[in-house]
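Have a look at the structure below before the remarks.
The values are calculated or read from the model by the stated rules, or taken from the named source; none is laboratory data. Because the structure is a prediction, the values reported are computed rather than measured. We place every Cβ from the backbone using ideal geometry, glycine too, and count neighbours over all the protein chains shown.
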Amino acid sequence: MVIKTVKILFLLFFIVGCSTKNGSIYKLDNKHSLTLGKTVNPTFINLNNSKLRYHNISRCIDLSYTLKGEDLKYGNIFIEYIDLYQNCHWNGLPSGFFISNLKQQLKIDDIEIVENYEIDGYDFTTLKIDNDSFLSVIYIYSSSKDIFILDYKGVLYDKLLKSFKKDYKNIYINKKRFMGNYDNSLARKNIIENYFSVEIENRL
């Protein structure tokens, strides 16, 4: 417990980051500024009025937090970061769990996936909410780390996806956007929902 607490305090003052596939990166600094996308020409985000919460309440979690705030260019952003220990695993698709929890928490009747691209450790998904408005979800993954980003405005989603896919044309960004206020945590709800668990070693 003491070691884990020291580790959290250390990361509060320095950088939390991970590299995904093929030179992609995610970093959060002590000022709640983000670095996303490719290591060459990355995307920088400065979150104002940000709220950071840690959710290390499971024996599976090495580090987990939620962060929400507003960037002058990209608008309102929500992030959940989950880093599992190597002896733990997800009991399904993490991105599916995130979207299901989003639907439940915001009392959404219908969610339709209208667009999806999976590139270099990034999964870009556009959701149609209640047949009325659109929401962008960016899911970043590596061997043990999972990062979920809600981009209400869709500008960050558009820029990042175009950095990987030059010919991408966003047909949803200028349509009505879903402006919810999601502020929940898969890590915290895991106690009830069992999203991830410790792997059981088979012994003969």
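Data table
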item	result
Filter result for the condition that a residue is within 21 Å of F78 (Cβ to Cβ) and surrounded by fewer than 14 Cβ atoms within 10 Å (Cβ to Cβ), over K169, K175, K189	K175
Whichever residue in segment 64-96 is farther than 23 Å from L160 by Cα and not polar (S, T, N, Q) and, among such residues, is surrounded by the fewest Cβ atoms within 10 Å (Cβ to Cβ)	G92
For D83: the one exception among (1) more than 22 Å from N41 (Cα to Cα); (2) out of contact with any strand residue (DSSP E or B) (no Cβ under 6 Å at 6 or more places or on another chain)	(2)
Residue list for segment 23-56, restricted to those being small (G, A, S), modelled with pLDDT under 80, touching a Phe, Trp or Tyr at 6+ places or on another chain (Cβ under 9 Å) and over 16 Å from L72 (Cβ atoms)	S24
Where a residue in segment 49-74 is assigned to a loop (DSSP other than H, G, I, E, B) and its partner, wherever it lies, is among the acidic types (D, E) and surrounded by 19 or more Cβ atoms within 10 Å (Cβ to Cβ), with Cβ under 9 Å and at least six apart	H55/E80; Y74/D151
